[in-house]
1. Quick check on A425: is it farther than 30 Å from E310 by Cα, more than 22 Å from the chain's Cα centre (by Cα) and not acidic (D, E)?
2. Scanning the stretch 57-67 for residues that are in contact with a helix residue (DSSP H, G or I) (Cβ under 9 Å, 6 or more places away or on another chain) and open to solvent by 50 Å² or more (accessible area, probe 1.4 Å), which turns out farthest from S111 (Cα to Cα)?
3. So the check is Cβ under 6 Å with 6+ separation or different chains; which pairs have a first residue in the stretch 98-112 that's closer than 17 Å to Q74 by Cβ and part of a loop (DSSP other than H, G, I, E, B) and a second one that's open to solvent by 50 Å² or more (accessible area, probe 1.4 Å) and not hydroxyl-bearing (S, T, Y)?
4. Going by the conditions given, is T127 surrounded by fewer than 22 Cβ atoms within 10 Å (Cβ to Cβ), hydroxyl-bearing (S, T, Y) and farther than 25 Å from A481 by Cα?
5. Consider L346 against the criteria (1) farther than 21 Å from F249 by Cβ; (2) free of Cβ contacts under 8 Å to residues at least 40 places away in the same chain; (3) open to solvent by 30 Å² or more (accessible area, probe 1.4 Å): it satisfies all of them except one. Which criterion is unmet?
6. Would you check which residues across the stretch 443-491 are more than 20 Å from R244 (Cβ to Cβ), in a helix (DSSP H, G or I) and open to solvent by 30 Å² or more (accessible area, probe 1.4 Å) and list them?
7. Which of the residues belonging to the stretch 203-234 are closer than 24 Å to L403 by Cα, among the acidic types (D, E) and surrounded by fewer than 22 Cβ atoms within 10 Å (Cβ to Cβ)?
8. From the list A406, A494, A437, which residue is closer than 30 Å to V108 by Cα, open to solvent by 10 Å² or more (accessible area, probe 1.4 Å) and at pLDDT below 95?
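The values are calculated or read from the model by the stated rules, or taken from the named source; none is laboratory data. Being a predicted model, the structure only gives us computed values, none of them experimental. Heads up, the Cβs are rebuilt from the backbone with ideal geometry, glycines too, and the neighbour counts pull from every protein chain shown. The accessibility values were calculated without ligands, DNA or RNA, using every heavy atom of the protein model including side chains. Shrake-Rupley method; radii C 1.70, N 1.55, O 1.52, S 1.80 Å.
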Amino acid sequence: MLFRKGAKVKPGAAPRHGLLAAIRDPALIVADQMFGSLPMTSRAAAIAAAEAVFDDGRFEAELARLIAIPTESQNPERAPDLTRYLGDGVGPILTRMGYEQSVHDNPVAGSPPFLIARRIEDDGQPTVLTYGHGDVIAGQDARWTKGGGPWKLTRDGDRLYGRGTADNKGQHLTNLLALEAVLGARGALGFNSTILIDMCEEIGSQGLDAFCAQHKDLLKADALIASDGPRLHADQPNLVLGTRGALNFDLVAQFREGAHHSGNWGGLLRDAGIRLAHAIACITDARGQIRVPEWRPDSLTEPVRRALAEVTIADGPEVDPEWGEEGLTPPERVYGWNTFVVLSMLSGIPEAPQNAVQGEARATCQLRFVVGTDDREILPALRRHLDAEGFADVTIVEWDKDLFRATRLDPEDPWVSRVADAIEATSGQRPVVLPNAGGSLPNDTFADTLGLPTIWIPHSYGGCQQHAPDEHLLAPVARQALGLMAGVFWDVGA
């Protein structure tokens, strides 16, 4: 039964204005109360209504309103705008859907606030948590070559330009409007909905984990269904069930102050650059295969392999066939394995080399790691490995910031098939299932701290230029995503 008799829908939960007034049919509510279920065409009606939001310009109008609020979380002067986004940005949308809203201080003093919005229809129904972040990176106003700059939504063909269109205002707006379409068609969601809006994701979601731990009662749910990041391919939906973790650190070879003439001291003094280069070389072999035993995961299981067998690498540079872990497919290397990368190296003065033996060299390194890697042991294991290889003189400097932990929902979890089936029923396409993304998100907060199955449904694509000038959202993807999410939310409430 889709809309239970006696369900505790709060008064005014589905007001007859905006999108709801356009698609809500009181006769369907009566039919449900009489027969215990709505006609199957109502699912199609909800999807059509969600797509109509794009076709008649309402999606662009709402997105333009959100983009106009310059929510740069890296800019302290934008602090009032970060709070304003919650009240004047997403607030009106949530209000007309009957959500109870509350803005909460961040546990980290001086950091942006969080918003929790809840619509509780029946304590016996499942609850879905939906997350989005309203903050964006620096606008980089002077570097835009398309549209009207970062704070004005501008359409050019199939591209909607503006800061936050892809990351992440356009994505969580899509999910809100899809919820509204279902609410209008059914008269209720058929499940309980909690929405969390984060205003500091672009500065590491500082305080998010502590906040969720403090408010577990308000954020209690059965699953997370949210959207962020790009699709693998613009023309095919995909699900992402977790993220790789990421840990940055420095390796430093420091033997003496200053540099000494290479003619007089070469061959007598340890060269910091050479020592550091050899230390790095012992971490992997010549094709990048990891040699630190504890960094080699055992979590590439058969269900994960089966899921990755359906994956193709996103469009971009040509993959080097002789690089990475031998015996693994390219998708297994990036989504099912750990990778070590040297982000930068410095010895001497690159822009003005001197004839001198350098006393110090430094490299910034990163390990992207999957579930099955003990993040508490990453650097201790590296220390043991370097010592055993004869590099006790190379120091490991841990970064003073939180790491991203690895997460992965089992591809055979019932929530995965439930959401994948809904997307296939709507689009006719079976979505590609990624056990985890190659990059990182604060998904460990939802998977570990809140203990939820986590499913991410990206609404952007790899060429969206997020974090760069000319960020944009593809109109065909946005339109399809509205219908897909309406179908997903409809089926969750069935």
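1. Working: farther than 30 Å from E310 by Cα: no; more than 22 Å from the chain's Cα centre (by Cα): yes; not acidic (D, E): yes.
No.
2. Within the stretch 57-67, the match that is farthest from S111 (Cα to Cα) is R58.
3. Hits for this filter: V108/Q206; S111/Q206.
4. Details: surrounded by fewer than 22 Cβ atoms within 10 Å (Cβ to Cβ): yes; hydroxyl-bearing (S, T, Y): yes; farther than 25 Å from A481 by Cα: no.
Criteria not met by T127.
5. Among (1) farther than 21 Å from F249 by Cβ; (2) free of Cβ contacts under 8 Å to residues at least 40 places away in the same chain; (3) open to solvent by 30 Å² or more (accessible area, probe 1.4 Å), L346 violates only (1).
6. P476, R479, Q480, D491
7. If the condition is that a residue be closer than 24 Å to L403 by Cα, among the acidic types (D, E) and surrounded by fewer than 22 Cβ atoms within 10 Å (Cβ to Cβ), then D209 is the only one that fits.
8. Details: A406 fails: at pLDDT below 95; A494 fails: closer than 30 Å to V108 by Cα.
Among A406, A494, A437, only A437 is closer than 30 Å to V108 by Cα, open to solvent by 10 Å² or more (accessible area, probe 1.4 Å) and at pLDDT below 95.
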